[in-house]
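The block underneath contains the structure these notes are about, expressed in structure tokens.
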Amino acid sequence: MRSFNNLIVNEWLKISKKRTFFVPYLVLILLSLLLGYIVHSVSPDIFESAYEYSSVMLLSQGIGQVITILAIIGTAGIVSKEYSQGTIKFLLIRARSRTAILASKYAVVLIYAFTVAVVGMLAVFVSGALWFGLSGGEDGIREMLTSLMYNSVSTVVYVTLAFMIGILTTSTGVTIGVTMFMLMIDKLIISREFYKYVLFPNLNLSAYEGGGAPIPGMTLTFSIVMLALYTIVFLLIGFSVFRRRDVA
Amino acid sequence: MKQGSNEHMQDSIVLQMNGVSKIIKGKSIVDKLTFDIRKGEIIGLLGPNGAGKTTTIRMMTGLIRMSEGDVIVQGHSVKSDFNKAIGHIGAIIENPEFYPYMTGLDNLKQYQRMTDHFEAGRIEEVVELVGLQEAMNKKVKAYSLGMRQRLGIAQALLNRPKLLILDEPTNGLDPAGIREMRDYMRRITEVEGISILISSHLLAEIEQICHRAIVIQNGKLVTVTAIGGEQETTTEVKLTIRVGSVESAITHLEGMEYAELLSMDSARSEVTVSLHDSRVPELVSTFSNKGVGIFRITENKQSLEEDFLKWTGGNRIA
């Protein structure tokens, strides 16, 4: 267990020692404040409190999308950079299995996505408090955290997808490109029966709030099962390719 | 007696290649390679471009899967017991690449966290061995190639390996750097008492530092040869003698049954003869007694380069 913790420490240092490490967090904070200002200046009464503002903004139609994008960018290089820098050779000739090394990378991807989400939530909340105040409305911290959770589910699925594509392509650019493209088209809903088995319509769990469904016949449980299955498949493909691949 | 020495040999084997092959799309890149590396030995891996040197080394270190055979390191199989086997190996494969935005020390700490037995002070020890104390807090992107090579050696020694594998260690280094590298290798075998496997296309390099050379071509083992030990093993010597009179030298040589005239060069007044090592004084005294006049005697030693060209058919030198 200690050796696995050490692998996680290594991976975390690899991303946190970069000079650009704080940029995504700064982007998130500035964007949240700016968005709050714009919304407030257009219609000052649209949100009754910071809680209501946050619970709307943290969904994937608002700052939530930015959180997902930043987490994808952070994930894209974690495997492919090792290949492009050539450091993969020194990494794999250690007394650690490839599975453990990749697992530590995936763990750090999740930790990183979590820190981005937490910073995003705090930034959005502070922005909401600044422009809309803390009192008023019916929404509270509960609604805010629910929104964060809905968005985090799709963030995790997307970073897992990016993680797999990073392993398959060993190219940071292609990984970001492909995953971003998927993120862009995931709002398209094709109203056909087969489409509910596709990843995209299942990603927006907040659609089930108030008894709705993305496509008639879909349920929350169905979507959760579908998302879990897709995530497991992405990981299985990623791990088996990484374990078998010759490093030439 | 003989059995005893055999057993001793078994004990002192650090790495065993057992019929290792790599087959890609039906083509053998490496074909049933078998050889041993003994304790404290510096071994050269030679071969023309595309002979399979790098593939062989990548299979030893588990970066590439073997199609057939196995590599045994200190009794542990690279195939089935990878973590234990690789724990005895330190390696630099092609150019040493580090995380450029981290300092030398941070890079070494990365690899120390991946060793099984944490040893405080080990980093300082290896850094001192390669003489990088001053550069430890500089970012690796500011390092010269020579410094990166040294940092590469330092990371390879962190886990106290029994075998150090260096793939083209002098590639891209200037003559001073190459010499430095050679000094490090000598010092490492003395201080750490470990075996080194060097793949290189610089034959003179191999000749200067290695005890044995393994020559491969087209993925097949061509020969394993001892370097520097030839004098003891060869009893027949080839001498080129510069004489006063070639004619009288030839006349006298024809009368000797122990020496054979190989060639003559009257323009340079030289004869080349082949004879048993023990008969050399006899030849010399005969020549001087008969007034042939000896000006110079040089041994006609085949350099590794000539051997190499002979073994590999002379084409496509790496």
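Considering B:Arg58, B:Arg113, B:Arg122, which residue is of a type in the set (D, E, K, R), over 24 Å from B:Leu15 (Cα atoms) and within 14 Å of chain A (Cβ to nearest Cβ)?
Among B:Arg58, B:Arg113, B:Arg122, only B:Arg113 is of a type in the set (D, E, K, R), over 24 Å from B:Leu15 (Cα atoms) and within 14 Å of chain A (Cβ to nearest Cβ).
Out of the residues in the range A:180-200 that are of a type in the set (Ser, Thr, Tyr) and not in a loop (DSSP other than H, G, I, E, B), which is surrounded by the fewest Cβ atoms within 10 Å (Cβ to Cβ)?
A:Tyr197
Using the structure shown, decide if A:Phe239 is surrounded by 13 or more Cβ atoms within 10 Å (Cβ to Cβ), under 18 Å from A:Ala113 (Cβ atoms) and aromatic (Phe, Trp, Tyr).
No; evaluated as a whole, the condition is false for this residue.
When you go through A:Gly177, A:Gly128 one by one, which is the residue that is more than 27 Å from B:Leu63 (Cβ to Cβ), part of a helix (DSSP H, G or I), over 13 Å from the mean Cα position of the chain (by Cα) and without any contact (Cβ under 8 Å) to a residue 12 or more places away in the chain?
On inspection, the qualifying residue turns out to be A:Gly177.
Of the residues A:Val118, A:Val109, A:Val153, which single one is surrounded by fewer than 16 Cβ atoms within 10 Å (Cβ to Cβ) and either modelled with pLDDT of 95 or more or within 14 Å of the chain's Cα centre (by Cα) (or both)?
Exactly one of A:Val118, A:Val109, A:Val153 is surrounded by fewer than 16 Cβ atoms within 10 Å (Cβ to Cβ) and either modelled with pLDDT of 95 or more or within 14 Å of the chain's Cα centre (by Cα) (or both), namely A:Val118.
Given the conditions (1) over 23 Å from the mean Cα position of the chain (by Cα); (2) in contact (Cβ under 8 Å) with a residue 40 or more places away in the chain; (3) facing chain A (nearest Cβ under 7 Å), which single one is not true for B:Pro100?
Of everything listed in (1) over 23 Å from the mean Cα position of the chain (by Cα); (2) in contact (Cβ under 8 Å) with a residue 40 or more places away in the chain; (3) facing chain A (nearest Cβ under 7 Å), B:Pro100 misses just condition (3).
Quick check: anything in the range B:79-89 within 19 Å of B:Ala213 (Cα to Cα), under 26 Å from the mean Cα position of the chain (by Cα), facing chain A (nearest Cβ under 7 Å) and in contact (Cβ under 8 Å) with a residue 24 or more places away in the chain?
Within the range B:79-89, none of the residues are within 19 Å of B:Ala213 (Cα to Cα), under 26 Å from the mean Cα position of the chain (by Cα), facing chain A (nearest Cβ under 7 Å) and in contact (Cβ under 8 Å) with a residue 24 or more places away in the chain.
Considering only residues of the range A:17-37 that are more than 10 Å from every other protein chain (Cβ to nearest Cβ) and over 18 Å from the mean Cα position of the chain (by Cα), which is surrounded by the most Cβ atoms within 10 Å (Cβ to Cβ)?
That would be A:Gly36.
Every residue, every condition in (1) surrounded by fewer than 23 Cβ atoms within 10 Å (Cβ to Cβ); (2) acidic (Asp, Glu); (3) out of contact with any strand residue (DSSP E or B) (no Cβ under 6 Å at 6 or more places or on another chain); (4) modelled with pLDDT under 90, yes or no:
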{"position": "B:Leu15", "(1), (2), (3), (4)": "no, no, no, no"}
{"position": "B:Val20", "(1), (2), (3), (4)": "no, no, no, no"}
{"position": "B:Lys25", "(1), (2), (3), (4)": "yes, no, yes, no"}
{"position": "B:Glu41", "(1), (2), (3), (4)": "yes, yes, no, yes"}
{"position": "B:Asn49", "(1), (2), (3), (4)": "yes, no, yes, yes"}
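Go through the residues of the range A:219-240 one by one and say whether even a single one is within 30 Å of B:Thr54 (Cβ to Cβ), modelled with pLDDT of 90 or more and within 14 Å of chain B (Cβ to nearest Cβ).
Yes, because at least one residue in the range A:219-240 is within 30 Å of B:Thr54 (Cβ to Cβ), modelled with pLDDT of 90 or more and within 14 Å of chain B (Cβ to nearest Cβ).
The values are calculated or read from the model by the stated rules, or taken from the named source; none is laboratory data. What you see is a predicted model, and the numbers here were worked out from it, not measured in a lab. FYI the Cβ positions are ideal-geometry reconstructions off the backbone, even for glycines, and counts take in every protein chain you see.
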